[in-house]
1. Restricting to helices (runs of 4 or more DSSP H) lying wholly in the stretch 297-392: which have 1 or more residues that are at pLDDT below 95, open to solvent by 20 Å² or more (accessible area, probe 1.4 Å) and in contact with an Asp or Glu (Cβ under 7 Å, 6 or more places away or on another chain)?
2. For Arg223, which of the numbered conditions (1) at pLDDT 95 or above; (2) surrounded by fewer than 20 Cβ atoms within 10 Å (Cβ to Cβ) fails to hold?
3. Mind listing whichever residues of the stretch 253-264 are in a helix (DSSP H, G or I) and either surrounded by fewer than 18 Cβ atoms within 10 Å (Cβ to Cβ) or acidic (Asp, Glu) (or both)?
4. Looking for whichever is at pLDDT 90 or above, among the β-branched types (Val, Ile, Thr) and touching a helix residue (DSSP H, G or I) at 6+ places or on another chain (Cβ under 6 Å) here; the options are Val60, Val97. Which one fits?
5. Mind checking which residues of the stretch 134-183 are open to solvent by less than 50 Å² (accessible area, probe 1.4 Å) and touching a Lys or Arg at 6+ places or on another chain (Cβ under 9 Å)?
6. Test each condition in (1) open to solvent by 10 Å² or more (accessible area, probe 1.4 Å); (2) assigned to a helix (DSSP H, G or I) for Thr53 and report the one that comes out false.
7. Which one of these does Ala250 not meet: (1) crowded, with 22+ Cβ neighbours inside 10 Å; (2) out of contact with any Pro (no Cβ under 9 Å at 6 or more places or on another chain); (3) farther than 22 Å from Thr144 by Cα; (4) not β-branched (Val, Ile, Thr)?
8. Would you check which residues across the stretch 108-143 are of a type in the set (A, V, I, L, M), within 21 Å of the chain's Cα centre (by Cα) and in a helix (DSSP H, G or I) and list them?
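The values are calculated or read from the model by the stated rules, or taken from the named source; none is laboratory data. Note that the coordinates shown come from a computational prediction; the quantities given were computed from them, not determined experimentally. Heads up, the Cβs are rebuilt from the backbone with ideal geometry, glycines too, and the neighbour counts pull from every protein chain shown. Remember, those area values only see protein heavy atoms, side chains included, never the ligands or the DNA or RNA. Shrake-Rupley method; radii C 1.70, N 1.55, O 1.52, S 1.80 Å.
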Amino acid sequence: MGTVAPNLMEVSATASVHKENGVVANPPKELDAGALFVLKSQGSWLHCGYHLTTSIVAPVLLSLPFALTLLGWVGGLICLALAGLVTFYSYNLLSLVLEHQEKLGHRQLRFRDMARDILGPGWGKYFVGPLQFWICYGAVIACTLLGGQSLKFIYLLSNPDGKMKLYQFITMFGGVTLFLAQMPSFHSLRHINLVSLILCLAYSACVMAGSIYIGHSDKAPVRDYTVKGSAKDRNFGIFNAISIIATTYASGIIPEIQATLAPPVKGKMFKGLCVCYSVIVTTYFSVAISGYWAFGNQAMGTVLTNFMGDEKPLLPTWFLLMTNVFTLLQVSAVTVVYLQPTNEVFEKKFADPKMPQFSIRNVVPRLILRSLSVVVATTFAAMLPFFGDIMALFGAFGCIPLDFILPMIFYNVTFKPSKQSLIFWVNTLIAGVSFLLVGVGAVASVRQIVLDAKTYRLFANM
């Protein structure tokens, strides 16, 4: 089976080319333009930590107090901790497989490369590749929608009687993304993603402080921590909450992030994951616990909605503006990170790896195609302001297989642990339970779409 080989810089670093009797043994294949230009292998483990944090820690974490309303204190915190442990373990397994393949001279730079080389060509071409592409592009649409909603929220705070519509704010956010999408490579986002890391800490601190302030004020709602609804609603709510929590930990681009590391990569991904999960523990638990403590089972889909109160805001306007600006800026970084798989596919198909990256031959199609992808994503976000419900369905079919199932399969197939070993059965158990969650999560997502369908309208001002 074919493999993606290192570029010339990597060849010299790993000494993968040897001459024997004047003949080159195992000569590396040339990289395609997507790997050569978008997935440049020049980063450090710290840069990797920035990329990982931006790909995982996003404003969706503001939904965690709502997830706890569906599970209660004990169930919610157990699920939150378990999901963190499982994904940290899962992402480390992916990294170990990638490091092992590099030792064999087959450095894999993309998720579909792993599936192709480990499971067979069909898996990469017809399952993992398309699945990852549409999940990442769906995340771009969802982030564009969220960015537009944040802009509208800021506008209404400063101008409560404003007449501007949601699609206008989505278009504005799309204009910013149009500019950021021209960043040439994943590695070139390292400074943006450092700022993103700081911003997610900032708005999480604001949410925690706001929740504690409201909880101790005379404006505090009457707190009730019982799980609401009929037995049927509570059962569906459990799976809905698990889907929310799983989505907050999802990445889907771990191999592409590891591809940005300068070789040799051994041990660097683990350090990057430690950076990322230190931020995750700090933000996820502080937001989930403080938000649920302050609002109980009245916590809404995003805790920022609770801050607005029933009649007037429960926090000063300047504080709400600051929190939303932090959120808006960070979601723009998340959007650009999830554009990278799309950019890589376009570069592979339309760029010439034998020409310089910034030659007219490569710059013109890059500018046109990246701009077109942003315009299409912005149009879908404006047309479908209920896209979050659809994305939940995509998440069940995409995020769980990519982040919870395939890493276990890749490890077991690559290293072939004994069927009597603990690691084999742990991996099998995680993959099996996750497979069941795909089905149940999909059913819960479809049910939610049906319940919300009466509010669906193209270009709705939600």
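1. Here the list reads 317-350, 360-383.
2. Failing condition for Arg223: (1).
3. Glu256, the sole residue that qualifies.
4. It is Val97.
5. Lys152, Gly162, Leu166, Phe169, Ile170, Ala181
6. (1)
7. (3)
8. Within the stretch 108-143, Met114, Ala115, Val128, Leu131, Ile135, Ala139, Val140, Ile141, Ala142 qualify.
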